[in-house]
Amino acid sequence: MKRILVALLSAAVIFPAVASAQIKTLPGESKTLTATVDAIEHSSRSLTLKRPDNTVFTIKVPKEYLRFDGLKVGDKVSATYYDNIVIRKKAEGEKDVNTDATSALASPGTKPGFTVASQRVITATITAIDPKIPSISLSGPSNWKYSSRVEDKDALKTVKVGDRLDIVWTEAVMLSSTAPK
């Protein structure tokens, strides 16, 4: 969820383009990280990974990934993260949406690897616009709230409090591994 908020912050900076278009795609980032398996906790399906700079972090491996037991301490793993956001101003009377879907797929072959993708779609309402800062605030389902600065002050004149937006976040993580040499 933290990555979603970072992505939405990027969206708020680019929000002026959304105000002047029905649909705006905000290309996300694609980051690849290579690390070494430092520890494996089978009961919780957690991997502790060590980066080349010796910092460590832990990830949970989804239950859909069937070859978890094939991973060994010392294996090299490569993880690629990708995200993007699509924002669309809703037409008057259009139904609100609130969906969340996740899928996982094992990579083909004999080496452990997987892809996990998730997509969250919500309708958010503009709850405040402050042209002096300039900033915008949104609210959505389950008490979701978000506020951020907006770069183009004039673009805020094209939207108003009460306008509704559909926000679609897509995230994917792909992990592959190789045995130590």
Assuming R0 = 45 Å, can you tell me the calculated FRET efficiency for the pair N54 and D163, based on Cβ-Cβ distance, to the nearest 0.05?
0.40
The answer for the net charge of residues other than K90 whose Cβ lies under 10 angstrom from its Cβ, with Lys and Arg +1 and Asp and Glu -1, is -1
Could you order the peptides 38-44, 75-81 from most to least packed, using the average number of other C-beta atoms within 10 Å per residue?
75-81, 38-44
Which pairs break 32 Å Cα to Cα here: K60/K181; K50/K145; K90/K132; K31/K181; K60/K145; K60/K90?
K50/K145; K60/K90
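Could you tell me the calculated FRET efficiency between T34 and T170, based on Cβ-Cβ distance and R0 = 30 angstrom, to the nearest 0.05?
E(calc), rounded to 0.05, equals 0.80.
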Three-way shape call for the stretch 123-171 based on the alpha-carbon gyration tensor, with the a/c threshold at 1.5:
prolate
Near I129, within a Cβ-to-Cβ distance under 13 Å, what is the net charge of the other residues, with Lys and Arg +1 and Asp and Glu -1?
+1
Given 0.36 nm per residue, what is the gain on full extension from T99 to S147 after removing their alpha carbon distance, in nm?
15.1 nm
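Taken together, the values in this text are just the output of simple stated rules run on the coordinates, not laboratory data. None of these values were measured; they are calculated from a predicted model. For neighbour counting, all protein chains shown are included, and Cβ atoms are generated from backbone atoms with ideal geometry for every residue, glycine included.
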